[in-house]
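Chemist: Below are the structure tokens for one structure; questions will follow.
Bear in mind that the values in this text are calculations on the coordinates, not laboratory data. Note that this is a predicted model, so its numbers are computed, not measured. Note that we place each Cβ from the backbone using ideal geometry, even for glycine, and neighbour counts take in every protein chain shown.
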């Protein structure tokens, strides 16, 4: 059975995409830890990040760095946190979160009902920053 992320990638479920390329996609979390929380997900369904092919792992980090810079510019956080957990969805995904402290990376603080307008605004901000940095992979 396909993971929820594969269903999102295949267009079966909606998402606020900010990046699409042949190897991965990125979209906003539906339960953000902070405004601008993005998930970077390979198109290939791989359960554990240690099982990623080296080239794909490197690509995910390159994409994460580009999106992280966009988050840094667009959200003015002290840092952009990166976390790989993968227990809740068995499909590798990198969490990128604009943070001001460690508490901002705590899943107990995730927003269970974020405002759809705020999510749209966050996605638009990320896309804008990516486009301004010359990334044609920025996706609506």
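Chemist: How many percent of all Cα-Cα pairs in the range 87-140 sit more than 14 Å apart?
Modeler: More than 14 Å apart: 70 percent of the Cα pairs in the range 87-140.
Chemist: Across all directions of projection, what mean area in square nanometres is found for the Cα convex hull of the range 46-105?
Modeler: 4.3 nm²
Chemist: Please give, to one decimal in nm, the separation of the simple spin-label points placed at residue 117 and residue 131, each 7 Å out from Cα toward the Cβ.
Modeler: 2.2 nm
Chemist: How much mean residue ellipticity at 222 nm does the chain get from its helices, if each DSSP H run of length 4 or more adds -39500 (n - 2.57) and you divide by all residues, to the nearest 500 deg cm²/dmol?
Modeler: -10500 deg cm²/dmol
Chemist: Starting from the Cα-Cα distance between residue 79 and residue 7, subtract it from 0.36 nm times their residue separation and give me the gain in nm to one decimal.
Modeler: Value of the extension gain: 22.8 nm.
Chemist: Want the number for residue 110 to residue 124: 0.36 nm per residue separation, take away the alpha-carbon distance, what's left?
Modeler: 3.0 nm
Chemist: Order by neighbour count: 75, 5, fewest other Cβ atoms within 10 Å first, most last.
Modeler: The order, fewest Cβ neighbours first, is 75, 5.
Chemist: Please find the FRET efficiency linking residue 21 to residue 90, where r is the Cβ-Cβ separation and R0 is fixed at 30 Å, and quote it to the nearest 0.05.
Modeler: The pair residue 21/residue 90 has a calculated efficiency of 0.85.
Chemist: From largest to smallest, what semi-axes in whole angstrom does the range 1-116 give when each is the square root of 5 times an eigenvalue of its alpha carbon gyration tensor?
Modeler: 21, 16, 14
Chemist: Here is a further query. Fewest first, what order do 1, 61 take by the number of other Cβ atoms within 10 Å?
Modeler: So the residues, fewest neighbours to most, are 1, 61.
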